[in-house]
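Data first, discussion second: the structure below is written as structure tokens.
The values are calculated or read from the model by the stated rules, or taken from the named source; none is laboratory data. Here the structure is a predicted model, which is why all the values come from computation and not from measurement. A quick note on method: Cβ atoms are made from the backbone with ideal geometry, for glycine too, and the neighbour counts reach across all protein chains shown.
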Amino acid sequence: MCLLLGLLLIRYYHHNKWDKYDWPWMKAVVWVLLQKEENIPPVGHYNPGQKMLFRAFVIFVIAFIVTGVIMWQPYFAPLFEASTVNWATLIHAACAILMLIAIVVHFWMATWIEGSITGMLYGKVSKAWARKHHPAMLDDFKEEEK
């Protein structure tokens, strides 16, 4: 899991940096939920919701690693006080529940926006889909081509 987290961070970190498009989109999140697309500001490759989900997964996995080591019987748990192991168990379980909720919400959002599943599975979307849902992403690609 540590190795996969490292690869995930390396692969997607640059896409998940907060940029100039994110705050206007966050201010308009109600319009996003109401699907009033004419009121939604443009976003780049990932919208702020996706960026927050990425950060949440990173935090959850780090918490799993730390608390998992503390709870690990018979190797590491005896090195800690019982109350520390109990807290680690509680935090581990809470993170698991929160991550499950995040995955369900992510799945729901992916099925809610037509064409998102194709992009998630194959890493490609049509230009029309990108123009509609992530218009600034097209601008980024135009700048890279120059």
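For Pro41, the criteria (1) under 22 Å from Phe107 (Cα atoms); (2) without any contact (Cβ under 8 Å) to a residue 24 or more places away in the chain; (3) in contact with a helix residue (DSSP H, G or I) (Cβ under 6 Å, 6 or more places away or on another chain) hold in every case but one, which is (1).
Identify the residue in the stretch 1-46 that is of a type in the set (A, V, I, L, M) and over 19 Å from Ile113 (Cβ atoms) and, among all such residues, is surrounded by the most Cβ atoms within 10 Å (Cβ to Cβ).
If we filter the stretch 1-46 for residues that are of a type in the set (A, V, I, L, M), which is where we start, we get 1, 3-5, 7-10, 26, 28-30, 32-34, 40, 43.
Of the ones still in play, those that are also over 19 Å from Ile113 (Cβ atoms) are 1, 3-5, 7-10.
On the way: Met1: 9, Leu3: 7, Leu4: 9, Leu5: 16, Leu7: 10, Leu8: 14, Leu9: 13, Ile10: 9.
Ranking the candidates gives Leu5 first.
Note on the stretch 47-59: among residues that are over 16 Å from Ile113 (Cα atoms) and of a type outside the set (D, E, K, R), the one that is surrounded by the fewest Cβ atoms within 10 Å (Cβ to Cβ) is Ile59.
Among the candidates Phe54, Phe60, single out the residue that is in contact with a Cys (Cβ under 6 Å, 6 or more places away or on another chain), part of a helix (DSSP H, G or I) and of a type in the set (A, V, I, L, M, F, W, C). Explain how you work it out, then say what you get.
Working: Phe54 fails: in contact with a Cys (Cβ under 6 Å, 6 or more places away or on another chain).
Phe60 is the lone residue from the list that is in contact with a Cys (Cβ under 6 Å, 6 or more places away or on another chain), part of a helix (DSSP H, G or I) and of a type in the set (A, V, I, L, M, F, W, C).
In the stretch 3-30, the residues that are touching a residue at least 40 places away in the same chain (Cβ under 8 Å) and in a loop (DSSP other than H, G, I, E, B) reach residues that are surrounded by 11 or more Cβ atoms within 10 Å (Cβ to Cβ) and aliphatic (A, V, I, L, M) with C-beta atoms within less than 7 angstrom, at least six apart or across chains, in these pairs: Tyr21/Val43; Tyr21/Ala136.
Got a number for residues in the stretch 92-144 being closer than 25 Å to Phe64 by Cβ and of a type in the set (Val, Ile, Thr)? Working first, answer last.
Keep residues of the stretch 92-144 that are closer than 25 Å to Phe64 by Cβ, which gives 92-110, 120.
Going one step further and asking which of them are of a type in the set (Val, Ile, Thr), we end up with 97, 101, 103-105.
Here the count works out to 5.
Residue by residue, here is whether (1) in contact with a Leu (Cβ under 8 Å, 6 or more places away or on another chain); (2) over 25 Å from Trp31 (Cβ atoms); (3) not in a loop (DSSP other than H, G, I, E, B) holds:
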{"position": "Cys95", "(1), (2), (3)": "no, yes, yes"}
{"position": "His106", "(1), (2), (3)": "yes, no, yes"}
{"position": "Ile117", "(1), (2), (3)": "no, no, yes"}
{"position": "Arg131", "(1), (2), (3)": "yes, no, yes"}
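You will find that of Thr111, Thr84, Thr89, the residue that is part of a helix (DSSP H, G or I), surrounded by fewer than 12 Cβ atoms within 10 Å (Cβ to Cβ), out of contact with any Leu (no Cβ under 9 Å at 6 or more places or on another chain) and not small (Gly, Ala, Ser) is Thr111 and no other. Tally the residues that are assigned to a helix (DSSP H, G or I) and either modelled with pLDDT of 90 or more or within 16 Å of Met137 (Cα to Cα) (or both), restricting the search to the stretch 32-51. The total comes to 4.
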